Amino acid sequence: MTSDFSVATPIAIGRKVDVDGQGHTITFSTTGQNLVVTGDGAHVHNIAVKNTADTTKWNSTYGVQFYNGTYTIENITSTGANAGILVNSSTATLGSGVDVSGNNFGGIEVSQSSNEGSPASS
């Protein structure tokens, strides 16, 4: 990323990439999915994800969601959502600098997808 930006729709990353936010912020203004990573092997780092929608009631809003893969996460801040990060049917390695404070219900949710045959998370 080369600058901060705001968006009102989810951003989906569906391939193995190095997402280097270079210290910039993505601001989302909707409930539900925000930054969704499904690209097995992706590395997400040096980024802030902020949600400005009303998340005082539970509406399944996560700052960053990782699905069905293996991911590396470091130097990331995720605030303003119901929960900061969702690791769903995935393996996530958390490095230093992971900050999920400032969410209305929790920090990191680790769960297994309800889709038949989905692996457990770790």
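What follows is calculated from the coordinates using simple rules that are stated; it is not laboratory data. As the structure is a prediction and not an experimental result, all values here were calculated from the model. As a convention, Cβ positions derive from the backbone with ideal geometry for all residues, glycine included, and neighbour counts pool all protein chains shown.
Look at the alpha carbon pairs under 8 Å that are at least 6 residues apart: their mean separation over the length of the chain gives a relative contact order of 20 percent. Please find the FRET efficiency linking Gln112 to Phe5, where r is the Cβ-Cβ separation and R0 is fixed at 30 Å, and quote it to the nearest 0.05. Efficiency at R0 = 30 Å is approximately 0.35.
Extending 7 Å from Cα along the Cβ direction at His24 and again at Phe105 yields two label points whose distance is 3.1 nm. Over all pairs of different C-alpha atoms in the chain, the reciprocal of the mean inverse distance, the Kirkwood hydrodynamic radius, equals 14.0 Å.
Report the one residue of His45, Ser78, Gly32 whose Cα lies farthest in the direction of the positive end of the charge dipole of the chain (charges on C-beta: Lys and Arg +1, Asp and Glu -1; origin at the Cα centre). Selected residue: Gly32.
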